[in-house]
Amino acid sequence: ITLKESKDIAGTVLDTAVATGLSTDEATKLFGTFMQIGNLTSDQAENLIESTAQLAAQKGVAPKAVLQDMAASAEEIASFTKDGGENIAEAAVQARQMGLSLSTTAKIAEGLLDFESSITNEIEASVLIGRQLNFQRARQLALEGDIAGATKNIVDQVGSEAEFNKLNLIQRQSLAKSIGVSVSEMAKLVAATDKL
């Protein structure tokens, strides 16, 4: 970029950092990620950051926490961004609603795409919990880059918090393994079913 463009971007980054409560380093990292990986202009990156903060506020999630999570998730953004990054913004807000990070929900999506292991673990969990799981739609959504949709599809199937609490240790471990998370992360997912 030209010297003039970099001066303009510096002012925009500083304004965005002040408006969202991010440090200038975090805002710079977020702008850089969206501009280099997401192939957005500085104006598009600014709009995406601000709309993400507004979406988080509407959903009752701390905007600063969502944006900090996104600033630390360049790999996930590179892997799953599509259509201007709105899918990543939605996934980051959804992850925070459930008390998880974007990297955790991206890990779920990546685990679903390890087809052989994922299907094996899904069948094993279905047998152990006595209820049929079908993550095929979640796999399709993950493949399309829709982390939020894949996560919601899984949450809809795993059952309520009361049902999860009735499971024994082996059943809980198998259910968590079926989507590639720890038991504690699984408990957070299940506890958040009413929030989604």
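Values as computed for the structure displayed
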read-out: Whole-Hz couplings from phi, Karplus 6.51/-1.76/1.60, listed for region 140-157; x for Gly and Pro; value: 4, 5, 4, 4, 7, x, 8, 4, 4, x, 5, 5, 4, 4, 5, 4, 5, 9
read-out: Listed residues Ala142, Ala176, Ala162, most fluctuating in the chain (Gaussian network, C-alpha, under 10 Å); value: Ala162
read-out: Above-threshold pairs, the threshold being 18 Å between Cα atoms, out of Lys59/Lys166; Lys29/Lys188; Lys152/Lys188; value: Lys59/Lys166; Lys29/Lys188
read-out: Length-normalised contact order for region 70-171 - Cα pairs under 8 Å, 6+ apart - percent; value: 27 percent
read-out: Prolate/oblate/rounded label for region 83-196 (Cα gyration tensor, a/c 1.5); value: oblate
read-out: Isotropically averaged projected area of region 70-115, using the convex hull of Cα atoms (one quarter of hull area), nm²; value: 3.2 nm²
read-out: Alpha-carbon Rg with Dmax, taken over region 1-102, Å; value: 12.6, 42
read-out: Centre separation in Å (Cα based) which lies between region 149-196 and region 28-81; value: 27 Å
read-out: Residue-by-residue Karplus 3J(HN,Hα) for region 104-115, coefficients 6.51, -1.76, 1.60, Hz, glycine and proline x; value: 5, 5, 5, 4, 4, 4, 5, x, 5, 7, 7, 3
read-out: Acute angle (nearest 10 degrees) that the helix 42-58 long axis makes with the longest principal axis of the chain, alpha-carbon atoms; value: 50 degrees
read-out: Three-way shape label, region 89-144, alpha-carbon gyration tensor, a/c 1.5; value: prolate
read-out: Debye intensity ratio in log₁₀ form over the Cα atoms of the chain, taken at each q of 0.09, 0.10, 0.18 Å⁻¹; value: -0.36, -0.44, -1.10
read-out: Fraction of accessible area attributable to carbon and sulfur, the chain (%, probe 1.4 Å); value: 50 percent
read-out: Whole-Hz ³J(HN,Hα) from phi, Karplus 6.51 cos²θ - 1.76 cosθ + 1.60, for region 123-131, glycine and proline x; value: 5, 4, 5, 4, 5, 5, 8, x, 9
read-out: Accessible surface, per residue, of the chain when the full set of protein chains is kept, probe 1.4 Å, Å²; value: 49 Å²
read-out: Under-5 Å amide H pairs with Leu40, H placed in peptide plane, nonlocal only; value: Met35
read-out: Gaussian network model of the chain, Cα within-10 Å springs - most flexible of Glu75, Glu46, Glu163; value: Glu163
read-out: Average Cα contact separation per residue, region 1-159, under 8 Å, 6 or more apart, as relative contact order %; value: 17 percent
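The values are calculated or read from the model by the stated rules, or taken from the named source; none is laboratory data. From a predicted model like this one, the values you see are computed outputs, not experimental measurements. Accessible surface is based on the protein model in full, side chains and every heavy atom, while ligands, DNA and RNA are left aside. Shrake-Rupley method; radii C 1.70, N 1.55, O 1.52, S 1.80 Å.
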